[in-house]
1. Please give the helices (runs of 4 or more DSSP H) falling wholly within segment 24-110 in which 3 or more residues are open to solvent by less than 50 Å² (accessible area, probe 1.4 Å) and of a type in the set (A, V, I, L, M, F, W, C).
2. I'm trying to understand the selection: among the residues of segment 141-189, which are over 20 Å from A104 (Cα atoms) and outside any helix (DSSP H, G or I)?
3. Can you confirm whether segment 166-180 contains a residue that is in contact with an Asp or Glu (Cβ under 8 Å, 6 or more places away or on another chain), acidic (D, E) and open to solvent by less than 80 Å² (accessible area, probe 1.4 Å)?
4. Among the residues of segment 116-166, write down those that are among the acidic types (D, E) and touching a residue at least 12 places away in the same chain (Cβ under 8 Å).
5. Examine segment 140-147 for a residue that is surrounded by 10 or more Cβ atoms within 10 Å (Cβ to Cβ), at positive phi and at pLDDT 90 or above, and state whether such a residue exists.
6. With the requirement that a residue be at negative phi and in contact with a Cys (Cβ under 8 Å, 6 or more places away or on another chain), what does segment 1-58 give you?
7. Just to check your reading of the model, which residue among K131, K118 is assigned to a strand (DSSP E or B) and open to solvent by 10 Å² or more (accessible area, probe 1.4 Å)?
8. Among the residues of segment 59-73, which ones are at pLDDT 90 or above and under 47 Å from the mean Cα position of the chain (by Cα)?
Amino acid sequence: MANRTVKDANSIHGTNPQYLVEKIIRTRIYESKYWKEECFGLTAELVVDKAMELKFVGGVYGGNIKPTPFLCLTLKMLQIQPEKDIIVEFIKNEDFKYVRLLGAMYMRLTGTSVDCYKYLEPLYNDYRKIKSQNRNGEFELMHVDEFIDELLHAERMCDIILPRLQKRQVLEEAELLDTRISALEEDLDEVETSEEEDDEEEKPERVQTPEPHRRSYRDMDRPRRSPSPRYRRSRSPRRRSRSPKRRSPSPRRDRDRDRDRHRKSKSKSPRRHRSRSRDRRHRSKSPGHHRSHRHRSHSKSPESRSKKSHKRSRREKE
């Protein structure tokens, strides 16, 4: 008797509401300790108190397939089938996030496509953190908007196969739903308007910037010519390195030069210099020397030879 659906319950998707949960998981829930102790004799009003005590969401875990309290309360709500207004209040509750998620899970299982999009899409703006238990019994960190997104797009959630939803585009074309306006679109519009204002402020500043000084006196009518490469040649670093550098005279070199000069002056004796000067004078006075010298100096021209022979003939006649 405790596991039967309420007599006046309506069929959902053409079947018993409890049959939305698979038989193996359903039998594990009936055998669990939480179902026997906490879910026995619950009504729609008392489910709220149990939902406020939830600490995490999840399906089944462990090797023995143990159900979580969240899954047990979901099956209990399918069994007692509370009114739609109570489920909507669950979803709109902002103080207890797990109560909101329990109402969203029940609405996804039992509600129509229009109701699911209408009541669950506003929960995309809830970014609170929640704990989720996986199959290994380990806890993972999630957010409310991630949980809602999986409810609307995934095929299985908390180990329950979700009913099929119509695409939102089809419902919009049938005028059953209005186009969804994301909360991020307003922020994006504000960002775009602020960027456009900044660009408009920057444009007049760019126009008013003065031109450089060199363009003020340049004749703008003449076409600019690129200078020929031969007049503008950059000196290569090799040539620069090969250019001779002026070296400052070192004192050591000056000393060596003075020593060499002093030695040369000593090697030349005054007697030898005098004897050389006497020989030169003697050679200059001797007639043979003059003749030989003249002969050497005028041997090249034929006129000097004719003059010389004429003078000799005159001397012989005298």
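1. On the way: elements: 33-37, 44-52, 69-80, 84-92, 97-110.
Where helices (runs of 4 or more DSSP H) fall fully within segment 24-110 and carry at least 3 residues being open to solvent by less than 50 Å² (accessible area, probe 1.4 Å) and of a type in the set (A, V, I, L, M, F, W, C), they are 44-52, 69-80, 84-92, 97-110.
2. A174, E175, L176, D178, T179, I181, listed by residue number.
3. Step one: filter segment 166-180 for residues in contact with an Asp or Glu (Cβ under 8 Å, 6 or more places away or on another chain), giving 172, 178-180.
Subset that is acidic (D, E): 172, 178.
Right, trim to open to solvent by less than 80 Å² (accessible area, probe 1.4 Å) and you get 172.
Yes, there is a match, as at least one residue in segment 166-180 is in contact with an Asp or Glu (Cβ under 8 Å, 6 or more places away or on another chain), acidic (D, E) and open to solvent by less than 80 Å² (accessible area, probe 1.4 Å).
4. Within segment 116-166, E121, D126, D145, D149, D159 qualify.
5. Of segment 140-147, the ones surrounded by 10 or more Cβ atoms within 10 Å (Cβ to Cβ) are 140, 142-147.
Okay, now just the ones that are also at positive phi, so none.
No: segment 140-147 contains no residue that is surrounded by 10 or more Cβ atoms within 10 Å (Cβ to Cβ), at positive phi and at pLDDT 90 or above.
6. I29, S32, Y34, W35, E38, C39, K50, V57
7. Values: K118 fails: assigned to a strand (DSSP E or B).
Exactly one of K131, K118 is assigned to a strand (DSSP E or B) and open to solvent by 10 Å² or more (accessible area, probe 1.4 Å), namely K131.
8. Restricting attention to segment 59-73, the residues satisfying the condition of being at pLDDT 90 or above are 59-61, 66-73.
Selection gives G59, V60, Y61, P67, T68, P69, F70, L71.
The values are calculated or read from the model by the stated rules, or taken from the named source; none is laboratory data. The structure presented is a predicted model; accordingly, all values stated were derived computationally and were not measured. Using ideal geometry, Cβ is built from the backbone for each residue, glycine included, and neighbour counts are taken over all protein chains shown. We work out accessible area using only protein heavy atoms, side chains counted, and drop any ligands, DNA or RNA first. Shrake-Rupley method; radii C 1.70, N 1.55, O 1.52, S 1.80 Å.
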